[in-house]
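The values are calculated or read from the model by the stated rules, or taken from the named source; none is laboratory data. Computed from a prediction, not measured in an experiment: that's the story for all the values here. Backbone-built Cβ (ideal geometry, glycine too); neighbour counts: all protein chains shown. In case anyone asks, the SASA skips ligands and DNA or RNA and just uses the protein heavy atoms, side chains included. Shrake-Rupley method; radii C 1.70, N 1.55, O 1.52, S 1.80 Å.
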Amino acid sequence: MKRRIPLLAYSIASLVLFFGGWQAVVSAGLVSSFVLPSPIDVIDRTITMMIRPFAGALLWEHALSSIGRFLGGFGLAAAIGIPLGLMMGRFRLLEDIVTPLFEGYRYVAPLAWVPFAALWFGTGIGGAIMVIFTGAFAPCVINAYRGARLVDRHLIEAAQTHGASELRIGWEVLLPGALPSIVAGLRISAGLGWQSLIGAELIVVSSGIGYVMIQGQSNLSPETVVTSMLVIGLVGLAIDFGLRAAETAVRRKWEGQ
Amino acid sequence: MSEIVIDNITKIFGEGGAKPFTAIKDVDFHVKDREFISVVGPSGCGKTTLMRMVAGLETVSRGEIRVAGKPVKGPGPDRAVVFQQFALFPWKTVRENIVFGMRSKGASKAERDKAVHHYLTLMKMEGTEDKYPHQLSGGMQQRVAIARSYATDPGVLLMDEPFGALDAQTRTIMQEELVRVSKDNPRTVMFITHSVEEAVYLADRVVVMGRNPGHIREVIDVAQTRQAEKWSEEPIDDVMEKSSFTHLRGQVWRLLREQMGDDM
Ligand SMILES: Nc1ncnc2c1ncn2[C@@H]1O[C@H](COP(=O)(O)OP(=O)(O)OP(=O)(O)O)[C@@H](O)[C@H]1O
Ligand SMILES: [Mg+2]
């Protein structure tokens, strides 16, 4: 416990130094506040956006609409990716069929899907969800697949010789066996999904944090852009924090066994 | 009627590939309904392979295996396997592990509770229902694995060195328990072991296998002697001192030693 206090002190010092330096650079007139807004301008802008609508909604409403889209795309990626990965780990044939397609898709950046997303699902929620999905899907599949491959073969055989159906093997053996790997994958997946969402919002939709950012840019309001960046960072951090807690909990529970 | 008919089978691993390997050649054997068979043989003679083929976990290259008259096509709850590695589900409690196979067969909640109670009492493990496998000793885990297979109520029970990982004392207790459980609840059993004592003590017949490639060397009848001398009513230590026991044990040993000789 003794070491935690100095460590925290370093973290605080580094933040104070960063924001202090930032403020000093702008106050001293080294750069125009038009190019780089000062932290005080940003805080002021953040408070304003929380009480007065900008681009059609309050700041937290934009944030919520982004989070909603994120959950949609991420949830869909997990709901399809995890069972697919588990099945690929279980059935060699499926693995052989899916792998080439999957390897091709994996190296296409999520943003490269934006034109198709807009074309197929429009610029409403559908297009955005598809972009997040393409970002979040791969780690779900890969980690579920790897996790399933690492499940002790004897457990699967024990299930088989005790009459379990394939569905039950998936649900009661592969899924819990692969869970630590799956949760680790979800964390990567969420990070990529959240990043792709902002990308998508910059282009295809008319609400959300990414949209606020674009509006800030075209209104020549750099403090709005920075405020959006802060919100993006904070929400991303919160998502990662939640999933990291889940990962630790699963790992602790599973490692005891 | 759960007899096992091993009808002249051969197992070739990697058949059609660059390096086919004949693990078992022309094995022909019948296990009678409710008979307890021990299988012994030098390492690598194909004991596990033979059992896995009966379980349906491995395909047969030539010949056919029938259980209760039906050709084996894949694994099923009529042939529960007790693995050397226990293979309990780590994320399930003792209770959930024991009823795993019963649930496949659609047993009711009341039936499942009754079975859990029955087997835990039989195995002297009352009060462990809600524990997880890692909270149990190796001997207790193996008892749960055996309870899981018994509770599934299979016609055939396949055990691959189930006591191999246990210390000598726990092993003795488990052997006596298995004799008791088998007496109350007779099943067709195929029991693989490296221990000649164990093989003779438990089995009605001991199958001695040889290798290169795996085959059946000889089958030794124990049931007659066991019944005549009422082995199952005495502690294992006493049984092992009987001259009838040491005689049978010597017979199995000699066959195994000849095996080793072949190789050296
Ligand atoms: N999947 C496989 N592919 C190729 N060869 C195999 C495979 N499984 C087993 N074998 C070979 O078949 C032979 C018999 O193996 P098996 O495991 O049945 O022997 P065992 O009698 O059970 O030995 P042990 O007493 O050491 O357990 C061995 O030579 C082994 O290397
Ligand atoms: Mg073996």
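Mind listing just one residue for me: the one in segment B:160-215 that is among the small types (Gly, Ala, Ser) and assigned to a strand (DSSP E or B) and, of those, nearest to ligand 1 (Cβ to nearest atom)?
My answer is B:Gly214.
Return a yes/no flag: does segment B:46-59 have any residue that is assigned by TED's automatic domain parsing to the domain that holds B:Asp160 and part of a strand (DSSP E or B).
Just the residues of segment B:46-59 that are assigned by TED's automatic domain parsing to the domain that holds B:Asp160, to begin with: B:46-59.
Now narrow it down to the ones that are part of a strand (DSSP E or B): none.
No.
If you check A:Leu84, A:Leu101, which single one turns out to be free of Cβ contacts under 8 Å to residues at least 60 places away in the same chain and assigned to a helix (DSSP H, G or I)? If you could, list the steps in order and put the result at the bottom.
Values: A:Leu84 fails: free of Cβ contacts under 8 Å to residues at least 60 places away in the same chain.
Every option except A:Leu101 fails the conditions.
Can you name every residue in segment B:79-92 that is open to solvent by 50 Å² or more (accessible area, probe 1.4 Å) and either in a strand (DSSP E or B) or more than 8 Å from chain A (Cβ to nearest Cβ) (or both)?
So the first thing to find is which residues in segment B:79-92 are open to solvent by 50 Å² or more (accessible area, probe 1.4 Å), and the list is B:84-85.
Scanning segment B:79-92 gives a single hit, B:Gln84.
Given the options B:Val116, B:Val60, name the one that is more than 16 Å from A:His154 (Cβ to Cβ) and within 16 Å of ligand 1 (Cβ to nearest atom). Outline the logic, then answer.
Details: B:Val116 fails: within 16 Å of ligand 1 (Cβ to nearest atom).
Answer to the check: B:Val60.
How about segment A:91-103: which of its residues are closer than 21 Å to A:Glu172 by Cβ and open to solvent by 60 Å² or more (accessible area, probe 1.4 Å)? Talk me through it step by step, then tell me what you get.
In the first step, residues of segment A:91-103 are kept if they are closer than 21 Å to A:Glu172 by Cβ; the result is A:91, A:94.
Across segment A:91-103, the qualifying residue is only A:Phe91.
Return the residue satisfying two criteria in turn: it lies in segment B:32-62 and is on the phi > 0 side of the Ramachandran plot and open to solvent by less than 50 Å² (accessible area, probe 1.4 Å), and of such residues it is farthest from ligand 2 (Cβ to nearest atom).
Of segment B:32-62, the ones on the phi > 0 side of the Ramachandran plot are B:34, B:41, B:44, B:46, B:56.
Next, from what is left, pick out any that are open to solvent by less than 50 Å² (accessible area, probe 1.4 Å): B:41, B:46, B:56.
Working: B:Gly41: 9, B:Gly46: 8, B:Gly56: 17 Å.
Top of the filtered list is B:Gly56.
Determine whether B:Tyr119 is part of a helix (DSSP H, G or I), over 13 Å from the mean Cα position of the chain (by Cα) and either under 30 Å from B:Asp26 (Cβ atoms) or among the hydrophobic types (A, V, I, L, M, F, W, C) (or both).
Numbers: part of a helix (DSSP H, G or I): yes; over 13 Å from the mean Cα position of the chain (by Cα): yes; either under 30 Å from B:Asp26 (Cβ atoms) or among the hydrophobic types (A, V, I, L, M, F, W, C) (or both): no.
In short, no.
Looking at (1) closer than 23 Å to B:Ile146 by Cα; (2) at pLDDT 95 or above, find the lone condition where B:Met1 falls short.
(2)
Please give the helices (runs of 4 or more DSSP H) falling wholly within segment A:159-257 in which 3 or more residues are more than 14 Å from chain B (Cβ to nearest Cβ). Don't jump to the end; show me each part of the working.
On the way: elements: A:166-169, A:175-203, A:209-218, A:222-255.
In segment A:159-257, A:175-203, A:209-218, A:222-255 are the helices (runs of 4 or more DSSP H) which contain 3 or more residues that are more than 14 Å from chain B (Cβ to nearest Cβ).
Quick check on this structure: which one of A:Gly68, A:Gly81 is within 15 Å of A:Gly185 (Cα to Cα) and out of contact with any Leu (no Cβ under 8 Å at 6 or more places or on another chain)?
On the way: A:Gly68 fails: within 15 Å of A:Gly185 (Cα to Cα).
Result: A:Gly81 is the single residue among A:Gly68, A:Gly81 that is within 15 Å of A:Gly185 (Cα to Cα) and out of contact with any Leu (no Cβ under 8 Å at 6 or more places or on another chain).
Please determine whether any residue of segment B:140-153 is outside any loop (DSSP other than H, G, I, E, B), of a type outside the set (Phe, Trp, Tyr), more than 16 Å from ligand 1 (Cβ to nearest atom) and more than 14 Å from every other protein chain (Cβ to nearest Cβ).
Within segment B:140-153, the first condition is being outside any loop (DSSP other than H, G, I, E, B), and the residues that meet it are B:140-151.
Subsequent filtering for residues that are of a type outside the set (Phe, Trp, Tyr) retains B:140-149, B:151.
Narrowing further to those that are more than 16 Å from ligand 1 (Cβ to nearest atom): B:140-149, B:151.
When the remaining residues are screened for being more than 14 Å from every other protein chain (Cβ to nearest Cβ), the result is B:140, B:143.
Yes, segment B:140-153 contains at least one residue that is outside any loop (DSSP other than H, G, I, E, B), of a type outside the set (Phe, Trp, Tyr), more than 16 Å from ligand 1 (Cβ to nearest atom) and more than 14 Å from every other protein chain (Cβ to nearest Cβ).
Identify the residue in segment B:20-39 that is more than 16 Å from ligand 1 (Cβ to nearest atom) and among the hydrophobic types (A, V, I, L, M, F, W, C) and, among all such residues, is farthest from the other protein chains (Cβ to nearest Cβ).
Just the residues of segment B:20-39 that are more than 16 Å from ligand 1 (Cβ to nearest atom), to begin with: B:28, B:30-36.
With the extra rule that they be among the hydrophobic types (A, V, I, L, M, F, W, C), the set shrinks to B:31, B:36.
Values: B:Val31: 17, B:Phe36: 19 Å.
The residue in question is B:Phe36.
Among the residues of segment B:4-17, is any crowded, with 23+ Cβ neighbours inside 10 Å and away from ligand 2 (no atom under 16 Å from the Cβ)? Break it down into steps so the answer makes sense when it comes.
Our first condition is that a residue be crowded, with 23+ Cβ neighbours inside 10 Å; within segment B:4-17, this holds for B:4, B:6, B:11.
After this cut, where a residue has to be away from ligand 2 (no atom under 16 Å from the Cβ) as well, the list is B:4, B:6.
Yes; the residues of segment B:4-17 include at least one that is crowded, with 23+ Cβ neighbours inside 10 Å and away from ligand 2 (no atom under 16 Å from the Cβ).
Being at the interface with chain B (Cβ under 8 Å from one of its Cβ atoms) and surrounded by fewer than 20 Cβ atoms within 10 Å (Cβ to Cβ): is that true of A:His154 here? Give the steps one after another, and end with the answer.
Values: at the interface with chain B (Cβ under 8 Å from one of its Cβ atoms): yes; surrounded by fewer than 20 Cβ atoms within 10 Å (Cβ to Cβ): yes.
So A:His154 passes the test.
When you scan segment A:160-201, how many residues do you find that are without any contact (Cβ under 8 Å) to a residue 24 or more places away in the chain and either open to solvent by 30 Å² or more (accessible area, probe 1.4 Å) or closer than 28 Å to A:Thr248 by Cα (or both)? Let's see the steps before the verdict.
Residues of segment A:160-201 that are without any contact (Cβ under 8 Å) to a residue 24 or more places away in the chain, as a first pass: A:160-165, A:167-168, A:171-173, A:176.
Those left that are additionally either open to solvent by 30 Å² or more (accessible area, probe 1.4 Å) or closer than 28 Å to A:Thr248 by Cα (or both): A:160, A:165, A:167-168, A:171-173, A:176.
Adding up the residues that qualify gives 8.
This table checks each residue for (1) farther than 19 Å from B:Pro162 by Cα; (2) away from chain A (no Cβ under 14 Å); (3) touching an Asp or Glu at 6+ places or on another chain (Cβ under 6 Å).
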residue: B:Leu50; (1), (2), (3): no, yes, no
residue: B:Val54; (1), (2), (3): no, no, no
residue: B:Arg66; (1), (2), (3): yes, yes, no
residue: B:Lys73; (1), (2), (3): yes, no, no
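Restricted to segment B:133-167, and to residues that are charged (D, E, K, R) and open to solvent by 10 Å² or more (accessible area, probe 1.4 Å), which residue is farthest from B:Ala55 (Cα to Cα)? Full working, then the answer.
Filtering segment B:133-167 for residues charged (D, E, K, R) gives B:143, B:148, B:153, B:160-161, B:167.
Next cut, open to solvent by 10 Å² or more (accessible area, probe 1.4 Å) only: B:143, B:153, B:160-161, B:167.
Values: B:Arg143: 20, B:Asp153: 15, B:Asp160: 11, B:Glu161: 15, B:Asp167: 27 Å.
By that ranking, first place goes to B:Asp167.
Kindly indicate which of B:Gly127, B:Gly76 is buried (at least 18 other Cβ atoms within 10 Å of the Cβ) and either part of a loop (DSSP other than H, G, I, E, B) or modelled with pLDDT of 95 or more (or both).
On the way: B:Gly127 fails: buried (at least 18 other Cβ atoms within 10 Å of the Cβ).
It is B:Gly76.
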